[in-house]
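Contents: one structure, followed by commentary.
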Amino acid sequence: MTDEADRVTVGVGIPTCSYERAEDLATCLEGINSGSRRPARIVVSVDSNPLLARHLARRPDVGQQADVVVVDGAGVGVSEARNEAAAAVGTDIVLFIDDDVRPHQRWVEGMVSALVQPGVVAAGGRVLPVYESPRRRLPPELLWLVGCTYAGHADGPGPISRPIGAAMGFWRDRLLEVGGFNARFGPRRGRKASSNEELELAVRLREAYGDEAIRYQPHAIVFHKVPEQRCTWRYLTQRCWVEG
């Protein structure tokens, strides 16, 4: 990595809202902490569930780890949970990852290498599906419906219009300067009644910092869990409606 990449401080924010994903969250944290570059701080930001926040804060594989902070979010929805994580992390760069995602060993390192490029304020990595059931798989063109890198997405490093929300990163001061994520967009309490929070933010970032301000880094890989239920026609139809 470059000298600047070595100097910057890096934190990770993980929004969560459900006991059902507590084990996935622990797996996500294990992957982050076993990586080639450990973040200075990890903030687990809990959306609208104080009992879950207390439970996670007491777990030895979550809140009792060094450099992991569990935040009992005051807002509602994933956008506010991410904003609270960005405020609490206190680092130069903040990376966001979903609680049902496991990062590759070099994910943090790869994201930082993209963000330190001149003029870059945000970055997105490559999101690969991990199917719960081998009997239910989606064609590559539909992987955007389950938050993964899809056929038609950029292949190599370079500017993109938006990152994929499951694994993305920002210079924290730039994110805060444009007001963070808009709370009117994004899931609330785990329900996909709204979406596109990263798209709405990306529009504001490109307006403020230019069309090349967001960069894709295909070497920053994560693995996104795809439950069998998300490969049904009913789910896909509902998700298409939410995405607009």
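The values are calculated or read from the model by the stated rules, or taken from the named source; none is laboratory data. As the structure is a computational prediction, the values presented were derived from the model and not from experiment. Cβ sites come from the backbone with ideal geometry, for glycine too, and all protein chains shown count toward neighbours. Side chains are part of the model used for accessible areas, which takes the heavy atoms of the whole protein and leaves out ligands, DNA and RNA. Shrake-Rupley method; radii C 1.70, N 1.55, O 1.52, S 1.80 Å.
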_segment 118-129 - residue that is surrounded by 21 or more Cβ atoms within 10 Å (Cβ to Cβ) and among the hydrophobic types (A, V, I, L, M, F, W, C) and, of those, nearest to Ile221 (Cα to Cα)_ = Val127
_Unique match (being open to solvent by less than 40 Å² (accessible area, probe 1.4 Å), touching a helix residue (DSSP H, G or I) at 6+ places or on another chain (Cβ under 6 Å) and touching a residue at least 40 places away in the same chain (Cβ under 8 Å)) among Leu115, Leu95, Leu56_ = Leu95
*Given (1) open to solvent by less than 10 Å² (accessible area, probe 1.4 Å); (2) within 21 Å of Asp24 (Cβ to Cβ); (3) out of contact with any Leu (no Cβ under 8 Å at 6 or more places or on another chain), number of the condition Val71 does not satisfy*: (1)
*Assess whether Asp47 counts as being surrounded by fewer than 24 Cβ atoms within 10 Å (Cβ to Cβ) and either over 22 Å from His219 (Cα atoms) or at pLDDT below 95 (or both).*
no
_Whichever residue in segment 74-91 is surrounded by 24 or more Cβ atoms within 10 Å (Cβ to Cβ) and under 17 Å from Leu51 (Cα atoms) and, among such residues, is farthest from the chain's Cα centre (by Cα)_ = Gly77
*Residues Gly147, Gly124, Gly77: which one is closer than 22 Å to Asn182 by Cα and at pLDDT 95 or above?*
Gly124
*Return the total of residues in segment 59-68 being open to solvent by less than 50 Å² (accessible area, probe 1.4 Å) and closer than 11 Å to Ala22 by Cα.*
2
